[in-house]
Amino acid sequence: MIYFHPLCPLAAFWDGSVVGTGLELTLNAILDFIESPAFAVIVTVLAVLLVLWILLRVYGAMRASRLGRIVYERHFSEVGVYEGEEVELIETVRNTGFFPLLFVDIESYFYNELELEEYEPDPSSTMQYCISRFHLWPYMQIKRHHRLTARARGHYKLQIASIYTKKQPIPLEAPAELYVYPKAIPLNLPALAIGRVQGDYISRHPLFTDPFSLAGIRDYRFGDSLSQINFKASARVPATGFSSSPFKVNARDYCASRRLMIYMDLHLPMGSRIDGNEYRRRVERGLSFCAALVRDAIYDGLCVGFAANCKRTDGEMSTRFSPDGSESHLVAILREMACMDPADGASFASILERDIREGMRDTEVLIVAFDTHGDVPERIASLEQLGNSVQTVILREEVESDG
């Protein structure tokens, strides 16, 4: 039994009549609220929110299972560009089902050397982080173009992108590659050694006999090959004729050489006071000269070759392309230049020796190097003895040319 003092405030509420009156008032208030229009509005809002919550949970569950079916591809608008040029990265996203997919965030990383338009790269990071948001309705395909500027020579490969989710990102295989060729800087060279003079025309290129142009018939001389003998003309010579030789050979006209071979020597001679940054800068400048020469010469109709004693990604210590004049040949040389490491590999004299042994003739030779060291001058003399014209470009602080 609980007793309350008559002056205690709880004594009044413990009275049965007071309690009964309070409950009756509360119940009446609740009934009045239920019968009011506000209650109907609140119930409707709560029901709608509940339905929306259920739908969102169902959509989220179905969306998570459908995200993996998205088809995502990307490629560059060009296979290769020169350093400093712009290129577009094209993203293609396709929804293969009837279920709509909204707020699809595809994240990827780009090299800082491929600078995104209106993007400030983080100098402390080597990659740029990018998110592309897509809203894909049923069976919709979207293409998006990103403009990039190639800031440095190299071979850049993009492999994996991912769809951002709160739990685990969904990886997407999206390979794309770009070759950034050396910046083509024209090199103003003086006139090369003159091979021969044809009347009033002076050729800068070494001259050789044109197998398709017949100038006449002459007597056989020591050193003429058997393929030059004209047997019909020789048969018409009488046995007691006044000719000094019983054989006649075809005399051919001469034409300018259409062959150019470019060599690049990456070896830094001992004692050179050049640090690593300056070495790489000069190598890049030399590659720029070579790229411009190869491009312009092939477009002018010459057969151009390129060789260098550089380290390659496949472990080889040199690279070489025989003279050719096709567009595919130009692209192959430029791609190799894009992948070259700024470090010397094999002996440069051995590279020249290979072409000397193979008897390379009637070719315009250009050597880009830090210096003509060791046995290189002897190899240059051997090339000139074979009928080639040789010119050397020395990579100095200010590039000069030595004939």
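Of note:
- A count restricted to the range 121-155 and to residues that are buried (at least 17 other Cβ atoms within 10 Å of the Cβ) and in contact with a Ser or Thr (Cβ under 7 Å, 6 or more places away or on another chain) stands at 0.
- Scan the range 50-82 for residues that are among the aromatic types (F, W, Y) and open to solvent by 90 Å² or more (accessible area, probe 1.4 Å) and the total you get is 1.
- Restricted to the range 221-255, and to residues there that are of a type in the set (F, W, Y) and under 27 Å from G387 (Cβ atoms), the residue that is modelled with the lowest pLDDT is Y254.
- Selection status of L178, closer than 26 Å to A338 by Cβ, hydrophobic (A, V, I, L, M, F, W, C) and part of a strand (DSSP E or B): yes
- Filter result for Y181 (at pLDDT 95 or above, under 30 Å from V283 (Cβ atoms) and buried (at least 17 other Cβ atoms within 10 Å of the Cβ)): yes
- A47 being loosely packed, with under 14 Cβ neighbours inside 10 Å and either hydrophobic (A, V, I, L, M, F, W, C) or touching a Cys at 6+ places or on another chain (Cβ under 7 Å) (or both): yes
- Count of residues meeting criterion [under 32 Å from the mean Cα position of the chain (by Cα) and either among the hydroxyl-bearing types (S, T, Y) or surrounded by 19 or more Cβ atoms within 10 Å (Cβ to Cβ) (or both)] in the range 99-112: 6
- Verdict on E118 being open to solvent by 20 Å² or more (accessible area, probe 1.4 Å), among the acidic types (D, E) and part of a loop (DSSP other than H, G, I, E, B): yes
- Criterion (in a strand (DSSP E or B) and in contact with a helix residue (DSSP H, G or I) (Cβ under 8 Å, 6 or more places away or on another chain)) met by exactly one of H145, H155: H155
- Exactly one residue out of V93, V87 is in a strand (DSSP E or B), open to solvent by less than 20 Å² (accessible area, probe 1.4 Å) and more than 21 Å from P121 (Cβ to Cβ): that is V93.
- Options Y119, Y129, Y139; residue that is aromatic (F, W, Y) and at pLDDT 90 or above: Y139
The values are calculated or read from the model by the stated rules, or taken from the named source; none is laboratory data. Note that the structure is a prediction, hence the values are computed from the model and not measured. We place every Cβ from the backbone using ideal geometry, glycine too, and count neighbours over all the protein chains shown. Just so you know, the surface numbers come from the protein's heavy atoms only, side chains and all, with ligands and any DNA or RNA stripped out. Shrake-Rupley method; radii C 1.70, N 1.55, O 1.52, S 1.80 Å.
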